[in-house]
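Bear in mind that the values in this text are calculations on the coordinates, not laboratory data. Values in this document were obtained by computation on a predicted structure and should not be read as measured data. Don't worry about glycine lacking a Cβ; one is built from the backbone with ideal geometry, like all the others, and counts go over all protein chains shown.
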Amino acid sequence: MNHDSYPDSYIRDILLKHRTFAVVGASAKTTRPSYFVMKYLLSKGYDVIPVNPGLGGQTVVDRTVSASLDDIGRPVDVVDIFRNSEAALGITEDAIRIGAKVVWMQIGVRNDEAAHLAEDAGLKVVMDRCPKIEYGRLSGEIGWAGVNSRTLSSRRPVLAAKGGQQRTLRDDT
């Protein structure tokens with residue numbers, strides 16, 4: 001996989017097929033990017049599990065914070081890393097151990113060694129991207145904020161999510 005450029009189909013596949021996000025480095029501060037991402041993913045029908053050793057047992061975005069990935073105790077699809085690039089390798093090792101399907105490193109986070117380790121274990125990897133921004137870009141919502149997504153379409157297919165909630169992602173294939 002070329003981690004400098006991801007096909008829209010690769011990102012879309014992750015966002016459509018994987019429902020549970022563990023956000024490592026979750027913050028209780030409402031002004032932090034991790035908080036915005038968790039709120040946004042929850043609003044789109046995803047199951048979000050905040051992970052932060054300093055906040056373990058507390059509540060963030062109406063979810064109980066796990067102190068570590070090992071403490072979650074249920075399946076996780078995507079491990080979303082809000083930590084620095086150096087920390088990504090250890091978190092990736094934890095993600096592999098708990099059976100995650102995807103390691104997603106946030107904007108500014110890139111660790112090629114972690115990416116190779118995850119891919120060798122059969123996981124998908126996204127680096128230096130944000131699922132909130134990618135969802136918004138692919139669904140066309142990002143244009144509501146005046147951002148040019150460089151995608152022009154009059155189509156907006158609606159995809160049913162679990163629990164009757166609706167998510168929309170453009171399918172340009």
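Computed quantities for the displayed model
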{"quantity": "Proximal aspartates and glutamates to Lys17, defined as alpha-carbon separation beneath 12 angstrom and excluding residues fewer than eight positions away on the same chain", "calculated": "Asp77"}
{"quantity": "Alpha-carbon radius of gyration plus Dmax, which is the widest Cα pair, for the range 8-132 in Å", "calculated": "13.0, 37"}
{"quantity": "Segment Arg110-Tyr10, extension gain: residue separation times 0.36 nm, minus the distance between their alpha carbons", "calculated": "34.2 nm"}
{"quantity": "Order of Asp13, Asp77 under a 10 Å beta carbon neighbour criterion, fewest first", "calculated": "Asp13, Asp77"}
{"quantity": "Where only alpha carbons of the range 1-78 are counted, the Rg and the Dmax (Å)", "calculated": "13.4, 38"}
{"quantity": "Rounded to 5, the percent of DSSP beta bridges in the range 8-132 classed as antiparallel", "calculated": "10"}
{"quantity": "Packing rank of 1-8, 16-23, where each peptide gets the mean count of other beta carbons within 10 Å, highest leading", "calculated": "16-23, 1-8"}
{"quantity": "Cα→Cβ-extended label distance, 7 Å offset, between Phe36 and Thr64, nm", "calculated": "3.0"}
